[in-house]
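These notes are about the structure you will find just below.
The values are calculated or read from the model by the stated rules, or taken from the named source; none is laboratory data. Owing to the predicted nature of the structure, the values given are computational and were not obtained by experimental measurement. Because the Cβ atoms are built from the backbone with ideal geometry, glycine has one as well, and the counts that use them run over all protein chains shown. Heavy atoms of the whole protein, side chains included, go into the accessibility calculation; ligands, DNA and RNA do not. Shrake-Rupley method; radii C 1.70, N 1.55, O 1.52, S 1.80 Å.
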Amino acid sequence: MKFYIRLLSAAVFAVFIFTLPPQIALANSAEPPAVIVIANNAPNDLTMEVQTESGLISPDVNKAAWETYYVFYYYGRKYEPSALIVSMGSNSKTYELGALKQTYNNVFTLDVAKGTLKEGTLPYRSAVLVALRLTLTLLIEGSLFYLFGFRKKASWLAFLIINLITQGVLNWALSTGSIIGGYRIFGLILMEILVLAIEIPAVIMAVKEHKKGRRALFAIAANILSFIAGGFMITLLPV
């Protein structure tokens with residue numbers, strides 16, 4: 001009897017769905033190709049434009065802590081940037097960009113003090129950002145670990161090793177993704193789910209202090225807290 005009720009419910013639902021009138025839906029598409037210029041501690045009067053075959057393009061400007069991003073979106077070969085024009089006060093300087101190597105995002109770093117433009121990011125940038133976010137995560141989760149009553153040195157050693165591995169990989173993966181854009185939060189969600197799936201059994205097996213239920217509850221609570229903190233850090237810190 002239950003089977004026939006479920007079958008009837010499914011049939012009614014299907015009829016309802018397929019008889020609905022067409023609806024208008026809105027969806028985001030992928031961002032267009034871009035030239036991204038990173039400037040550390042950019043002064044307020046610093047402005048940029050790029051020269052294309054079809055004229056000048058102004059950037060979208062985003063800021064995260066000490067980094068400012070000047071993002072030049074372009075469509076088609078006629079709008080592909082060929083030169084960057086940087087102005088600061090009454091001074092202006094033009095940098096030839098040459099042939100863009102990437103088909104999607106081309107990243108450059110502007111040294112404001114030296115007046116030099118370098119392709120790519122600074123060599124130590126990812127390491128510094130990973131270390132910063134990892135330290136903040138360890139402080140947050142470590143405080144929760146203490147509140148859950150874990151005191152033994154062996155427990156703390158296990159906690160440190162597990163988080164250095166999982167959170168280190170998570171933050172490094174975030175750093176190798178897109179520098180700008182709103183899609184980073186989706187990567188954070190997927191990675192946090194994977195980290196949670198790894199950390200729950202890891203904490204249960206490696207930490208011997210207290211009952212398994214408390215260890216599992218800590219792992220869940222810690223990852224929820226680190227996800228909230230990570231989402232907040234994405235809005236404030238460079239990625």
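Can you classify the stretch 45-109 as rounded, prolate or oblate using the Cα gyration tensor, where a ≥ b ≥ c are the square roots of its eigenvalues, rounded means a/c under 1.5, and otherwise it's prolate if a/b beats b/c and oblate if not?
oblate
Ranked highest first by the average count of other Cβ atoms within 10 Å around their residues, in what order do 70-76, 111-117, 39-45 fall?
The densest-packed peptide leads the list: 70-76, 39-45, 111-117.
For Asn62 and Ile189, compute 0.36 nm times the residue count separating them, minus their Cα-Cα distance, and round to one decimal in nm.
Full-extension gain reported as 43.5 nm.
Normalising by the residue count of the stretch 42-194, find the relative contact order in percent from Cα pairs under 8 Å and 6+ residues apart.
Dividing the mean separation by the residue count of the stretch 42-194 yields 14 percent.
Rounded to whole Hz and in sequence order, give me ³J(HN,Hα) for the stretch 143-150 from the Karplus expression 6.51 cos²θ - 1.76 cosθ + 1.60, θ = phi - 60°, writing x for Gly and Pro.
Result, ordered by residue: 5, 5, 4, 5, 5, 7, x, 7 Hz.
What do you get for GluC sites (Glu not before Pro) in the stretch 49-109 restricted to DSSP loop and a cutoff of at most 16 other Cβ within 10 Å of the site's Cβ?
Sparse-neighbourhood loop GluC sites (Glu not before Pro): Glu53.
Ranked by accessible surface with a 1.4 Å probe, highest first, in what order do Thr94, Thr52 come?
Thr94, Thr52
Just grab the label-to-label distance for Arg77 and Ile224, each label 7 Å out from Cα along the Cβ direction, in nm (one decimal).
Inter-label distance under the simple model: 5.5 nm.
I'd like the Karplus ³J(HN,Hα) series for the stretch 158-166: coefficients 6.51, -1.76, 1.60, θ = phi - 60°, whole numbers in Hz, and an x wherever there's a Gly or Pro.
Working through the residues one at a time gives 4, 4, 5, 5, 4, 6, 4, 6, 5 Hz.
Checking the cross-link filter: which lysines have an alpha carbon closer than 29 Å to that of Lys212, excluding same-chain neighbours under 8 positions apart?
Within the straight-line cut-off, Lys212 pairs with Lys152, Lys153.
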